[in-house]
Amino acid sequence: AAAVKHHIQRQIKEEEDACRREGEDLAKQNCHIAALEEEIRNLKIKNDEVDQQKKESEQRTERYRAEASVEVEKIDEVEAAKIKEVPRMKKQLSLYAAMTNIKWHYEKENVMAGEVAVLSQGICRRFEIDPMEHSEFDVANAVWSLMDGKS
């Protein structure tokens with residue numbers, strides 16, 4: 001009977017130990033579950049924030065598209081106006097060329113260059129004037145002198 005009692009006490013002790021270990025494991029699992037639930041809550045909050053930022057970004061994008069559309073429309077209007085100006089400007093340049101008998105060489109950069117026909121003398125002269133080396137007054141006088149046939 002003592003051996004049976006000892007055997008039963010040992011089994012009770014083993015079962016109590018097993019129960020205690022399972023309780024500890026269960027407590028650890030509950031802590032882990034609580035941590036995961038907290039992480040889920042934090043991720044949901046973060047997700048809501050990201051969704052809000054996305055919504056705000058989409059709204060800004062739409063507003064910027066509308067603003068860009070208005071700007072493109074303005075640019076198109078300016079370009080259309082400039083295109084309408086081209087024939088008028090060509091006519092003016094042609095008129096100035098006919099009046100002054102100057103054919104400008106527009107391909108020359110940083111200098112005023114061209115040819116002037118002095119009909120009264122029957123000559124044509126090439127010229128090149130650097131406006132950086134002369135005042136506006138001197139440049140104008142030089143052009144008038146060329147048109148008058150003076151050198």
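The values are calculated or read from the model by the stated rules, or taken from the named source; none is laboratory data. Being a predicted model, the structure only gives us computed values, none of them experimental. With ideal geometry, Cβ positions are generated from the backbone for all residues, glycine too; neighbour counts draw on all protein chains shown. The area values use the complete protein model at the heavy-atom level, side chains included, leaving out ligands, DNA and RNA. Shrake-Rupley method; radii C 1.70, N 1.55, O 1.52, S 1.80 Å.
Do you know which residues across segment 107-151 are of a type in the set (Gly, Ala, Ser) and either surrounded by 12 or more Cβ atoms within 10 Å (Cβ to Cβ) or closer than 18 Å to Ala97 by Cβ (or both)? Once the filter is applied, which keeps residues that are of a type in the set (Gly, Ala, Ser) and either surrounded by 12 or more Cβ atoms within 10 Å (Cβ to Cβ) or closer than 18 Å to Ala97 by Cβ (or both), segment 107-151 yields Ala113, Gly114, Ala117, Ser120, Ala140, Ala142, Ser145, Gly149. Here Tyr106 passes the criteria (1) closer than 30 Å to Ala140 by Cβ; (2) part of a helix (DSSP H, G or I); (3) aromatic (Phe, Trp, Tyr) except the one numbered (2). For segment 54-101, a tally of residues being under 30 Å from Gly114 (Cα atoms) and among the hydrophobic types (A, V, I, L, M, F, W, C) returns 9. Can you find a residue in segment 27-48 that is part of a helix (DSSP H, G or I), surrounded by fewer than 10 Cβ atoms within 10 Å (Cβ to Cβ) and not aliphatic (A, V, I, L, M)? Among the residues of segment 27-48, not one is part of a helix (DSSP H, G or I), surrounded by fewer than 10 Cβ atoms within 10 Å (Cβ to Cβ) and not aliphatic (A, V, I, L, M), which makes the answer no.
For the structure I just gave you, tell me whether Asn101 is open to solvent by 100 Å² or more (accessible area, probe 1.4 Å) and either at pLDDT below 90 or not charged (D, E, K, R) (or both). For Asn101, the condition - open to solvent by 100 Å² or more (accessible area, probe 1.4 Å) and either at pLDDT below 90 or not charged (D, E, K, R) (or both) - is not met.
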